[in-house]
Amino acid sequence: MASLPPVVVGNTSKLNPEVKKLPSPSVPFEKKNYSTKESDRAFASLSLEFREAFSLIGGGDRKIESSSYVPLLQECIDTNSVSGVESIHGHIVKAGFCQELFLMTFLVNTYAKCGMMESARRLFDSLPKRNVVTWTSLMSGYVHNSRPESAISVFKEMLDVGGYPTNYTLGIVLNACSSLFDIELGKQIHGYIVKYDIEYDASIGNALCSLYSKCRSLDMAINAFQRIEEKNVISWTAVISACGENGNSAMGLDVFVQMLAEGVQPNEVTLTSVLSICCTMQALDMGTQVHSLSIKIGCGSDLAVTNSIMYLYLKNGCISEAKKLFDGITTISLVTWNAMIAGHAEMTSLAEDGLSAYFYGIEALKIFQRLNRSGLRPDLYTFSSVLTVCSSLVALEQGEQVHAQTLKTGFLSDVVVGTALVNMYNKCGSINRASKAFVEMSTRTLISWTSMINAFAQHGLAQQALQLFEDMRFVGVRPNKITFVGVLSACSQAGMIDQALAYYDMMINEYKINPVMDHYACLVDMFVRLGQIYEAFDFIKKTDLVPNEFIWSILIAGSRSQGKLELGFYAAEQLLELKPKDSETYFLLLNMYLSAGRWKDVSRVRKMMRDEKVDKITDWSWISIRNKVYTFKPGSKKNQASEVAKILEDLHDRARRLGYQVETNMAIVDEEKEEATALPADHSEKLAVAFGLLNTSNEAQIRVIKSISMCRDCHNFIKVVSILTSRTIIIRDSKRLHKFFNGQCSCGDFGGLV
């Protein structure tokens, strides 16, 4: 860890504000014999006024002042003209102005702003004298060029030779500490600031607030803000951002309201920070008011503000408002395209139903196609969002096209894109391609390893998942709680009790990770899969676990399948006490009570559904073929109805000859009727699979998305169909991915318990 020299920490010597004079080495300007063509190229990027001014300065006997170079150097900064700076530097040397400290300091700053830190440092080292502005210019240059360690090193050099930092200097050093997330060194600087009683200064307070925010110390950030005597808009923006970045969004909005009450007008950065907080809180009303305010104060056309408002509207489902903003932008930047795509991607997970989510995803892919046609090149954020959409849509063909594009554009090597690619292939049911994408990653993070471990687990490949986990530990990557969810899930699917309990103990004792509900769910799931329902209940008692809705649902399903109805009824009572919101949970209970003839319980559950305003369950399935979406609901006979009905009937007949029997007690129960609303033979995924078999080649996989969980009858039927047709059939329901092949399902048949 870096630390300050004793001159700051202990004040062993008094700092001298006078300029420290150093020996006068020669100016390290590399003299070049520029040809006429090289000179022309050097000035090609500069304005006509610049070239005219420079020609006047170089005009023979004309006497010039050193200040004449300043506007020329400023234009080099504005145009990032390295060759222009070198030309002017050469003329300064020739004109004999190397002793002019102000000019040479400005030249150091110009080299730094143009990214030439080596030239800036050589020039700095050659100066016969330096003042605090010169030192600060060099520090600022290092921070500007993402070299904060060098900035801190220069600061220590200045203190060692007796230099006295200004408030601005200290602000630059605090920014360097922020970039390094070095809160300890920042506290030492803060101690120096307290000693000289300059905490009240706005530039100092702003830098301290930013430092503590980035180092996850919100209380200290707020304290730094409160000590500023004359708070400016940057001060207010810093503390609002600090609240948002450190998980206290409500406080951030309160501070923003206080800022307005004190008459401070926000700028574009303030509005962007506030809108980001509104997105986090899904505070649409507040965000709409901020949108109106941005228009009122003249920031409505600012691109960053527009992007933030657009993303807020998208995240809250206000698609038409977002589209209106998007269509109103004359020149659409890549950031705007990314915001629009990411917003639609977000809606796929926030939509009220699966069908709406599907169409949001389709719209995101259409926007991505428009981006490609616009001539702009997608970046890693674009690809990450689009691959996420392909994952949620089970859109393998589109995902493969995006994969090819990442390879062509060079973004495949990025770890974020590589991990998104692994997730896409996994969720589209192609575990081999997911594994290949993982192996080909040049760099892997914990997220990458965890994604692949979970992918193997979800596909029922327990040995591969556990071997990869051991490989991850071998290379020194420390697992987190999500990694252990994948490991325990793999053990659960394979029925590996001893290994699961050993990994559970490893997580707690070796890695000091406290179990969360997902870990408990994996272990309960394992006992239920193995038919050990009593052991599952014993495990809950031993761990003092208070199960959630998901765990009680597992226990209910397991109890029913194993004929332990009394345990199922007990679990149902515990589940009802939680007042679940999931419609499927209530229908699971209704079916159980109806099949047992417990009519009082049926009436009680229905009353709870009315009281909790639980939506009626909607069974929809959809399949995409050649970029066109076909939807199905129970009993629907549209879209080539006669052909679908015929092939489905034929499949049922052939399946019966292999021992399949329709389970009529697995029908969905209507809220107002005691009889089933649709027989399992007509459930939506069967219709979608039949349609897919009719309209795809014999080698093609069938990929269907279903809005609710598969019932046991449909699960058994699709297993047989995969044998009869020699097809791979992938169905993503509301709970998990089912990959059927040759009579087997990747879920290990647990998905068919209900």
Quiz item: Roughly what would the spin-label model give for Lys542 and Gln258, points 7 Å off Cα along C-beta, in nm?
Solution: 5.2 nm
Quiz item: What's the extension gain from Ser603 to Asp125 if we count 0.36 nm per residue and subtract their Cα-Cα distance?
Solution: 163.4 nm
Quiz item: So which of Lys315/Lys735; Lys581/Lys646; Lys541/Lys564; Lys156/Lys214; Lys324/Lys579; Lys366/Lys581 end up more than 30 Å apart, counting from Cα to Cα?
Solution: Lys581/Lys646; Lys324/Lys579; Lys366/Lys581
Quiz prompt | Candidate values [x] -0.52, -0.72, -1.01; [y] -0.39, -0.54, -1.16; [z] -0.27, -0.39, -1.03, label of the one derived for log10 I(q)/I(0) by the Debye sum over Cα atoms at q = 0.05, 0.06, 0.10 Å⁻¹ | solution = [y]
Quiz item: FRET efficiency for Leu446 and Asp611, Cβ-Cβ distance as r, R0 = 60 Å, nearest 0.05?
Solution: 0.85
Quiz item: Using the alpha-carbon atoms, what tilt in degrees (0 to 90, nearest 10) does helix 148-160 show relative to the longest principal axis of the chain?
Solution: 40 degrees
Quiz item: Taking R0 as 41 Å, what's the FRET efficiency between Asn742 and Tyr511 from their Cβ-Cβ distance, rounded to 0.05?
Solution: 0.60
Quiz item: Relative to the present Cα-Cα distance, how much length would full extension add between Ile625 and Asp498 at 0.36 nm per residue of separation?
Solution: 41.3 nm
Self-check item: Helix-only [θ]222 nm of the chain, DSSP H runs n ≥ 4, -39500 (n - 2.57) each, per residue, nearest 500
Solution: -20000 deg cm²/dmol
Quiz item: Given a Förster distance of 51 angstrom, what is the FRET efficiency for Ser734 paired with Tyr200, based on the Cβ-Cβ distance and rounded to 0.05?
Solution: 0.35
Quiz item: Where does each of Lys541, Lys646, Lys735, Lys719 land when they are ranked from fewest to most other beta-carbon atoms within 10 angstrom?
Solution: Lys541, Lys646, Lys735, Lys719
Quiz item: Say each of Ile723 and His652 gets a label point 7 Å from the Cα, pointing the same way as Cα to Cβ; how far apart are those two points in nm?
Solution: 2.0 nm
Self-check item: 5 Å-binned pair-distance histogram of the range 64-191 (Cα, whole percent)
Solution: 2, 11, 21, 22, 17, 13, 8, 4, 2, 0
Practice problem: Identify the trypsin sites (Lys or Arg not before Pro) of the range 197-265 meeting these criteria: DSSP loop state and at most 12 other C-beta atoms within 10 Å of the C-beta. | Solution: none
Quiz item: Karplus couplings for the range 167-182 from phi (6.51 cos²θ - 1.76 cosθ + 1.60, θ = phi - 60°), rounded to Hz, Gly and Pro as x?
Solution: 4, 5, 4, 5, x, 5, 5, 5, 5, 5, 4, 4, 4, 8, 6, 9
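Every number in this text was worked out from the coordinates using simple rules, so none of it is lab data. No experiment lies behind these values; they were computed from the predicted model shown. Glycine gets a Cβ as well: all are built from the backbone with ideal geometry, and neighbour counts include every protein chain shown.
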